[in-house]
Amino acid sequence: TGAKVRMPRPAESESGLNAGTVLDLEREVSYYDGYIVGNQIMPTLAHGVHHHENNSVILELDSMVKNGEMLDWLGIHEVYRENISMYNSHIYSIPLDGDQFLLYYRRDLQERDGWEVPKTWDDLITVAELYENKDLNEDGVSDYAMCQPNTGDFSFYSLYAPLVG
(Lines give C-alpha, C1' and ligand atoms only; values in the text may rest on other atoms or scores of the structure.)
Protein backbone atom coordinates (compact mmCIF):
# COMPACT_ATOMS: atom_id res chain seq x y z
CA THR A 1 0.00 0.00 0.00
CA GLY A 2 2.98 2.27 0.42
CA ALA A 3 2.06 3.07 4.02
CA LYS A 4 4.92 3.47 6.45
CA VAL A 5 4.69 1.72 9.79
CA ARG A 6 6.88 2.54 12.76
CA MET A 7 7.18 -0.09 15.45
CA PRO A 8 8.30 1.40 18.77
CA ARG A 9 9.98 -0.62 21.47
CA PRO A 10 7.35 -0.15 24.21
CA ALA A 11 9.16 -1.86 27.06
CA GLU A 12 12.62 -1.81 28.60
CA SER A 13 12.10 -5.39 29.71
CA GLU A 14 9.27 -7.88 29.71
CA SER A 15 8.02 -6.41 32.97
CA GLY A 16 8.37 -2.63 32.61
CA LEU A 17 7.28 0.06 30.15
CA ASN A 18 9.90 2.50 28.93
CA ALA A 19 9.53 6.23 29.57
CA GLY A 20 8.62 7.02 25.93
CA THR A 21 5.73 4.55 25.97
CA VAL A 22 4.41 5.87 29.28
CA LEU A 23 4.57 9.41 27.89
CA ASP A 24 2.72 8.35 24.74
CA LEU A 25 0.01 6.61 26.75
CA GLU A 26 -0.48 9.66 28.99
CA ARG A 27 -1.39 11.87 26.04
CA GLU A 28 -5.02 12.40 25.13
CA VAL A 29 -4.18 11.26 21.59
CA SER A 30 -1.42 8.68 21.37
CA TYR A 31 1.15 8.78 18.59
CA TYR A 32 0.93 5.02 18.09
CA ASP A 33 -2.13 2.96 17.20
CA GLY A 34 -0.93 -0.20 18.87
CA TYR A 35 1.89 -1.93 20.67
CA ILE A 36 3.48 -5.34 20.51
CA VAL A 37 4.35 -6.29 24.08
CA GLY A 38 4.81 -9.32 26.28
CA ASN A 39 1.69 -10.34 28.15
CA GLN A 40 3.33 -9.36 31.46
CA ILE A 41 2.71 -5.72 30.51
CA MET A 42 -1.05 -6.18 29.98
CA PRO A 43 -2.16 -5.56 33.60
CA THR A 44 -0.27 -2.27 33.62
CA LEU A 45 -1.91 -1.20 30.37
CA ALA A 46 -5.35 -2.45 31.42
CA HIS A 47 -5.20 -0.60 34.74
CA GLY A 48 -3.72 2.55 33.27
CA VAL A 49 -0.49 4.40 33.87
CA HIS A 50 0.13 7.43 36.10
CA HIS A 51 -2.80 9.85 35.82
CA HIS A 52 -4.86 7.23 33.97
CA GLU A 53 -4.83 4.94 37.06
CA ASN A 54 -7.84 2.59 37.10
CA ASN A 55 -8.68 3.74 33.59
CA SER A 56 -7.41 1.41 30.87
CA VAL A 57 -5.16 2.92 28.24
CA ILE A 58 -5.72 -0.02 25.91
CA LEU A 59 -8.92 -1.08 24.21
CA GLU A 60 -11.00 -3.95 25.54
CA LEU A 61 -11.46 -6.27 22.55
CA ASP A 62 -14.21 -8.63 23.82
CA SER A 63 -16.97 -7.87 21.31
CA MET A 64 -14.63 -7.30 18.36
CA VAL A 65 -12.80 -10.58 18.87
CA LYS A 66 -15.75 -12.79 19.77
CA ASN A 67 -18.09 -11.38 17.11
CA GLY A 68 -15.49 -10.60 14.46
CA GLU A 69 -15.39 -12.47 11.19
CA MET A 70 -11.69 -11.91 10.40
CA LEU A 71 -10.31 -13.83 13.37
CA ASP A 72 -10.97 -17.45 14.30
CA TRP A 73 -10.87 -16.79 18.05
CA LEU A 74 -11.75 -20.37 18.98
CA GLY A 75 -8.98 -21.55 16.63
CA ILE A 76 -6.42 -20.05 19.03
CA HIS A 77 -5.43 -22.58 21.69
CA GLU A 78 -7.33 -21.97 24.92
CA VAL A 79 -4.14 -21.57 26.96
CA TYR A 80 -3.27 -18.49 24.90
CA ARG A 81 -6.86 -17.26 24.62
CA GLU A 82 -7.63 -17.48 28.32
CA ASN A 83 -4.27 -16.75 29.93
CA ILE A 84 -2.22 -14.60 27.60
CA SER A 85 -4.91 -12.54 25.87
CA MET A 86 -7.17 -11.92 28.85
CA TYR A 87 -6.92 -9.88 31.99
CA ASN A 88 -9.71 -9.56 34.58
CA SER A 89 -11.99 -11.69 32.36
CA HIS A 90 -11.64 -9.31 29.39
CA ILE A 91 -9.71 -9.67 26.14
CA TYR A 92 -7.05 -7.01 25.68
CA SER A 93 -4.70 -8.61 23.18
CA ILE A 94 -4.41 -11.03 20.31
CA PRO A 95 -1.53 -13.50 20.68
CA LEU A 96 1.10 -13.42 17.96
CA ASP A 97 3.29 -16.20 19.27
CA GLY A 98 3.16 -19.12 21.67
CA ASP A 99 6.51 -20.21 23.04
CA GLN A 100 6.62 -23.37 25.08
CA PHE A 101 9.50 -24.52 27.20
CA LEU A 102 9.99 -28.27 27.20
CA LEU A 103 12.45 -30.46 29.05
CA TYR A 104 14.39 -33.02 27.03
CA TYR A 105 16.77 -35.59 28.38
CA ARG A 106 19.43 -37.72 26.73
CA ARG A 107 18.10 -41.24 26.46
CA ASP A 108 21.60 -42.58 25.77
CA LEU A 109 22.79 -41.32 29.17
CA GLN A 110 19.64 -42.59 30.88
CA GLU A 111 20.05 -46.07 29.40
CA ARG A 112 23.81 -46.17 30.01
CA ASP A 113 23.65 -44.96 33.63
CA GLY A 114 20.30 -46.51 34.62
CA TRP A 115 18.44 -43.60 36.20
CA GLU A 116 14.67 -43.21 36.11
CA VAL A 117 13.14 -40.39 34.08
CA PRO A 118 12.81 -37.45 36.55
CA LYS A 119 9.27 -36.90 37.85
CA THR A 120 9.99 -34.12 40.37
CA TRP A 121 12.35 -31.16 40.61
CA ASP A 122 14.36 -33.07 43.21
CA ASP A 123 14.70 -36.02 40.80
CA LEU A 124 15.85 -33.65 38.08
CA ILE A 125 18.45 -32.04 40.34
CA THR A 126 19.76 -35.48 41.33
CA VAL A 127 20.22 -36.47 37.68
CA ALA A 128 21.72 -33.08 36.78
CA GLU A 129 24.32 -33.45 39.55
CA LEU A 130 25.54 -36.65 37.85
CA TYR A 131 26.54 -34.72 34.74
CA GLU A 132 27.42 -31.18 35.86
CA ASN A 133 30.97 -30.24 34.78
CA LYS A 134 31.44 -33.52 32.92
CA ASP A 135 32.69 -33.64 29.32
CA LEU A 136 29.59 -35.24 27.79
CA ASN A 137 30.52 -34.68 24.14
CA GLU A 138 34.21 -35.55 24.51
CA ASP A 139 35.51 -32.23 23.23
CA GLY A 140 37.81 -31.63 26.21
CA VAL A 141 35.51 -28.98 27.73
CA SER A 142 33.29 -29.46 30.79
CA ASP A 143 29.57 -29.22 29.95
CA TYR A 144 26.55 -27.96 31.83
CA ALA A 145 24.05 -30.54 33.01
CA MET A 146 21.10 -28.28 32.10
CA CYS A 147 20.70 -25.28 29.84
CA GLN A 148 17.95 -22.72 29.53
CA PRO A 149 17.56 -20.06 26.82
CA ASN A 150 18.22 -16.50 27.93
CA THR A 151 14.94 -14.96 26.79
CA GLY A 152 14.35 -12.50 29.60
CA ASP A 153 11.97 -12.68 32.52
CA PHE A 154 9.47 -15.02 30.88
CA SER A 155 11.71 -18.06 30.85
CA PHE A 156 12.49 -17.49 34.53
CA TYR A 157 8.79 -17.22 35.43
CA SER A 158 7.75 -20.21 33.33
CA LEU A 159 10.37 -22.42 34.95
CA TYR A 160 9.94 -21.35 38.56
CA ALA A 161 6.23 -20.41 38.80
CA PRO A 162 5.16 -23.99 39.60
CA LEU A 163 7.47 -23.96 42.62
CA VAL A 164 5.75 -20.97 44.24
CA GLY A 165 2.88 -21.93 46.53
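At a glance:
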| item | result |
| --- | --- |
| Long-range HN-HN contacts of ASP143 with modeled amide H, under 5 Å | ASN133, LYS134, ASP135, LEU136 |
| Around ILE125: net Lys/Arg minus Asp/Glu count, Cβ-Cβ under 14 Å | -4 |
| SER30 accessible area, assembled protein chains, probe 1.4 Å, Å² | 40 |
| FRET efficiency, VAL22 to SER63 (Cβ-Cβ, R0 35 Å, nearest 0.05) | 0.80 |
| Around ARG107: net Lys/Arg minus Asp/Glu count, Cβ-Cβ under 14 Å | -2 |
| Summed side-chain charge close to TYR92 - residues other than TYR92 whose Cβ falls under 11 Å, Lys, Arg +1, Asp, Glu -1 | -2 |
| Gain upon complete extension [GLU116, TYR32; 0.36 nm per residue less C-alpha separation] | 24.9 nm |
| Calculated diffusion of segment 71-127, Stokes-Einstein form, Kirkwood radius summed over Cα pairs, 20 °C and 1.002 mPa s, µm²/s | 146 |
| Built amide H within the under 5 Å cut-off of ILE58, gap 5+ | none |
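The values are calculated or read from the model by the stated rules, or taken from the named source; none is laboratory data. Computed from a predicted structure; not experimentally measured. Glycine gets a Cβ as well: all are built from the backbone with ideal geometry, and neighbour counts include every protein chain shown. Note: accessible area is taken over every heavy atom of the protein model, side chains too, but ligands, DNA and RNA are not part of it. Shrake-Rupley method; radii C 1.70, N 1.55, O 1.52, S 1.80 Å.
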